[in-house]
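Report on one structure; see the data block that follows.
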Amino acid sequence: MKGERLITWQQFKSYQGQSCKGKRAKWFKEIEAKVLERPESREVKRQFKTERYNVQVMRIKWENISEDRRKKE
């Protein structure tokens, strides 16, 4: 990732293992207002983009799927 796009509120909440329901937090709305060039594409303004690979990028935590078919995953 090169820091060209900002994640959504739902992506942030799901990364933390929390429910995605509900309104966006005020602090997140303020960040979006200041950082996003085009909200529909989630593109970040040029001054906030990183030139190098972003080592602090959030990584997906994959979980193994169990063989127990009674359990919904």
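Results for (1) touching a Phe, Trp or Tyr at 6+ places or on another chain (Cβ under 9 Å); (2) surrounded by 12 or more Cβ atoms within 10 Å (Cβ to Cβ); (3) at pLDDT 90 or above; (4) in a loop (DSSP other than H, G, I, E, B), shown as yes or no for each residue.
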site: 13; (1), (2), (3), (4): no, yes, no, no
site: 19; (1), (2), (3), (4): no, no, no, yes
site: 27; (1), (2), (3), (4): no, no, yes, no
site: 33; (1), (2), (3), (4): no, no, yes, no
site: 41; (1), (2), (3), (4): no, no, no, yes
site: 50; (1), (2), (3), (4): no, yes, no, yes
site: 56; (1), (2), (3), (4): no, no, no, yes
Checked 63, 37 against criteria (surrounded by 10 or more Cβ atoms within 10 Å (Cβ to Cβ) and acidic (Asp, Glu)); the one match is 37
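In region 1-11, which residues are touching a helix residue (DSSP H, G or I) at 6+ places or on another chain (Cβ under 7 Å) and assigned to a helix (DSSP H, G or I)?
Let us first name the residues in region 1-11 that are touching a helix residue (DSSP H, G or I) at 6+ places or on another chain (Cβ under 7 Å), namely 6, 9.
The answer is 9, and nothing else.
The values are calculated or read from the model by the stated rules, or taken from the named source; none is laboratory data. Please read all numbers here as calculations on a predicted model, not as lab measurements. Neighbour counts run over all protein chains shown; Cβ positions are idealised from the backbone, glycine included.
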